[in-house]
């Protein structure tokens with residue numbers, strides 16, 4: 001190949017033309033064969049996928065994989081019968097086609113269930129691990145309701161339910177069941193207070209029977225022993241209860257009964273002594 005720079009053209013030599021001549025045998029035929037090989041491979045792959053899908057559908061619908069056994073674990077309050085009814089599992093439900101997450105979500109609709117984990121065990125067993133809610137108190141509204149550790153009311157008490165918890169009073173039903181965080185703040189504060197009391201060795205949650213909530217006075221506690229009224233206020237700290245323990249000790253030494261104790265001060269405690277006359 002030669003270049004004529006004067007006329008700015010490219011001249012191809014005979015040797016170049018001969019060496020790059022297109023022929024049917026060397027150039028066109030291999031391309032045709034390659035195309036048909038690709039078509040054959042695609043058809044074979046499509047056939048295999050179709051056969052595989054058909055086989056999968058037959059296996060999935062086989063009675064061999066029907067759920068025969070459902071095992072619930074971690075159920076102390078929720079019954080297996082109620083959870084099974086919620087799960088939506090039918091007699092001819094295939095373990096292969098079942099969505100484990102959907103089953104878990106359905107079981108979690110039970111008021112006692114905080115979370116559920118579903119595990120498939122081939123060929124026909126299902127294990128559902130249940131994590132139940134833990135009540136921290138009972139809220140008195142139009143009836144008695146369990147208050148959970150997250151500050152959310154999750155169940156109305158029935159006859160068979162345990163009632164050995166601190167009772168929360170003074171809150172409106174509209175606030176108790178509101179989805180707005182600012183309206184549920186009182187119950188969240190109650191949970192934090194109970195957690196603080198549980199962490200104490202002296203004057204803890206076992207000494208308290210009722211927690212009353214008031215817009216004006218904040219939190220007031222009532223004790224099991226003598227129904228002593230203890231005003232905590234709108235905020236609380238461990239230091240307040242340390243001062244309370246000191247005061248209760250001095251009252252006991254002097255054999256004096258208190259009617260009301262006010263802790264809603266920074267560094268002092270106000271005591272109203274009971275009149276025995």
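The values are calculated or read from the model by the stated rules, or taken from the named source; none is laboratory data. Since we're looking at a predicted model, the values are computed, not measured. Here the Cβ positions follow ideal geometry from the backbone for every residue, glycine too, while neighbour counts run over all protein chains shown.
Per-structure values
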| read-out | value |
| --- | --- |
| Single match in 168, 152, 136 (criterion: farther than 30 Å from residue 94 by Cα and more than 22 Å from the chain's Cα centre (by Cα)) | 168 |
| Top-ranked residue in segment 236-257 [being without any contact (Cβ under 8 Å) to a residue 24 or more places away in the chain and in contact with a strand residue (DSSP E or B) (Cβ under 7 Å, 6 or more places away or on another chain); ranked as farthest from residue 188 (Cα to Cα)] | 256 |
| Flag if residue 213 is part of a helix (DSSP H, G or I), crowded, with 18+ Cβ neighbours inside 10 Å and in the same structural domain as residue 144 (by TED's automatic domain parsing) | no |
| Which listed residue, of 212, 207, is touching a helix residue (DSSP H, G or I) at 6+ places or on another chain (Cβ under 9 Å) and within 18 Å of residue 259 (Cβ to Cβ) | 207 |
| Meets criteria (outside any strand (DSSP E or B) and either more than 30 Å from residue 213 (Cβ to Cβ) or at pLDDT 95 or above (or both)) for residue 126 | no |
| Identity of the residue in segment 223-257, part of a loop (DSSP other than H, G, I, E, B) and within 19 Å of residue 213 (Cα to Cα), that ends up modelled with the lowest pLDDT | 227 |
| Tally, over segment 144-177, of residues that are within 19 Å of residue 218 (Cβ to Cβ) and either out of contact with any helix residue (DSSP H, G or I) (no Cβ under 9 Å at 6 or more places or on another chain) or not assigned by TED's automatic domain parsing to the domain that holds residue 206 (or both) | 3 |
| Selection from segment 113-126 of residues that are in contact with a helix residue (DSSP H, G or I) (Cβ under 9 Å, 6 or more places away or on another chain) and either without any contact (Cβ under 8 Å) to a residue 40 or more places away in the chain or under 27 Å from residue 153 (Cβ atoms) (or both) | 113, 115, 116, 117, 118, 119, 120 |
| Test for residue 152: is it surrounded by fewer than 18 Cβ atoms within 10 Å (Cβ to Cβ) and closer than 21 Å to residue 184 by Cβ | yes |
| Search result, residues across segment 248-272 that are surrounded by 11 or more Cβ atoms within 10 Å (Cβ to Cβ) and more than 48 Å from the chain's Cα centre (by Cα) | 256 |
| Considering residues of segment 258-277 that are touching a strand residue (DSSP E or B) at 6+ places or on another chain (Cβ under 7 Å) and in a loop (DSSP other than H, G, I, E, B) only, the residue nearest to residue 228 (Cα to Cα) | 274 |
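Residue-wise test of (1) loosely packed, with under 14 Cβ neighbours inside 10 Å; (2) in a helix (DSSP H, G or I); (3) modelled with pLDDT of 90 or more.
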{"site": "58", "(1), (2), (3)": "yes, yes, no"}
{"site": "70", "(1), (2), (3)": "no, no, yes"}
{"site": "86", "(1), (2), (3)": "no, yes, yes"}
{"site": "89", "(1), (2), (3)": "no, no, yes"}
